[in-house]
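A.B. asks: Quick one: the structure is below, questions incoming.
Read the figures in this text as sums done on the coordinates, not as results from a lab. This structure is a prediction, so every number in the text was calculated from the model and none was measured. We place every Cβ from the backbone using ideal geometry, glycine too, and count neighbours over all the protein chains shown.
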Amino acid sequence: MIPDSTKQKFKQMLGEEKERLEQDLHGFTRENKAAPGGHDSVMEEGQLEIAPEDQAEQVTEFEKRKTLETMLERRIDEIDHALSIIDTDAYGLCDVCHAEIPLKRLEVNPAATTCIDHAPRH
């Protein structure tokens, strides 16, 4: 079982990370509750009317922003999930095998929901 003082430290870490990620996300998106993830990537004002020869570059830039948007939204969802269970007995247990997630792993990633054996492979 994870001590309450450690959980409080993890809550603070998660809250700070979420705030940073949301700031990053709002730097190039706008909120749209109807969109998957709740955000839409936006192009800068001058990028809407571009010469045909520059369109490929703009499409590539937009795709990069969408990828980053998805990654940030996914991480925020992981943090929200961890924050929603951190005060329960479920926090710190692997979602797959229900074994305790090592404290060292949680110190590195307090939003972790799996032990090392069941961590997603990228």
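A.B. asks: Which is the longest part of the chain that has none of the GluC sites (Glu not before Pro) sitting in a DSSP loop with at most 10 other Cβ atoms within 10 Å?
C.D. replies: Longest site-free region, per DSSP loop and neighbour criteria: 50-122.
A.B. asks: Can you tell me what the convex hull of the Cα atoms of the chain projects to on average, as an area in nm²?
C.D. replies: On the way: hull surface 37.3 nm².
Directional mean of the projected Cα hull area for the chain stands at 9.3 nm².
A.B. asks: Regarding the range 51-98, what's the average projected area of the Cα-atom convex hull, expressed in nm²?
C.D. replies: Averaged projected hull area, Cα only: 4.5 nm².
A.B. asks: Can you give the FRET efficiency to the nearest 0.05 for Gln58 and Val108, using r as the Cβ-Cβ distance and R₀ = 41 Å?
C.D. replies: Details: r = 37 Å, r/R0 = 0.91.
Efficiency computed from Cβ-Cβ geometry: 0.65.
A.B. asks: How high is the relative contact order of the chain, in percent, counting Cα pairs under 8 Å that sit 6 or more residues apart? Provide the component values of the computation, followed by the final result.
C.D. replies: On the way: 99 pairs, mean separation 30.1, N = 122.
Contact order relative to length: 25 percent.
A.B. asks: If you line up the long axis of helix 4-26 against the longest principal axis of the chain, both from Cα atoms, how many degrees apart are they, to the nearest 10?
C.D. replies: 0
A.B. asks: Treating the angle as unsigned and between 0 and 90°, give the value, to the nearest 10°, between the Cα long axis of helix 55-85 and the longest Cα principal axis of the chain.
C.D. replies: Helix 55-85 sits at roughly 20 degrees to that axis.
A.B. asks: Identify all aspartates and glutamates with a Cα-Cα distance to Lys7 below 20 Å; exclude those on the same chain that are fewer than 8 residues away in sequence.
C.D. replies: Here the aspartates and glutamates satisfying the reach criterion relative to Lys7 are Glu16, Glu17, Glu19, Asp77, Glu78, Asp80, Asp87, Asp89, Asp95, Glu100, Glu107.
A.B. asks: Mind checking the log10 I(q)/I(0) for the range 68-122 at q = 0.17, 0.27 Å⁻¹? Debye, one equal scatterer per Cα, no solvent, two decimals.
C.D. replies: Evaluating at q = 0.17, 0.27 Å⁻¹ gives log10 I(q)/I(0) of -0.53, -1.15.
A.B. asks: Among Lys11, Lys64, Lys33, which comes first, second and so on when ranked by fewest other beta-carbon atoms within 10 Å?
C.D. replies: Numbers: Lys11 15, Lys64 12, Lys33 6.
Result, fewest neighbours first: Lys33, Lys64, Lys11.
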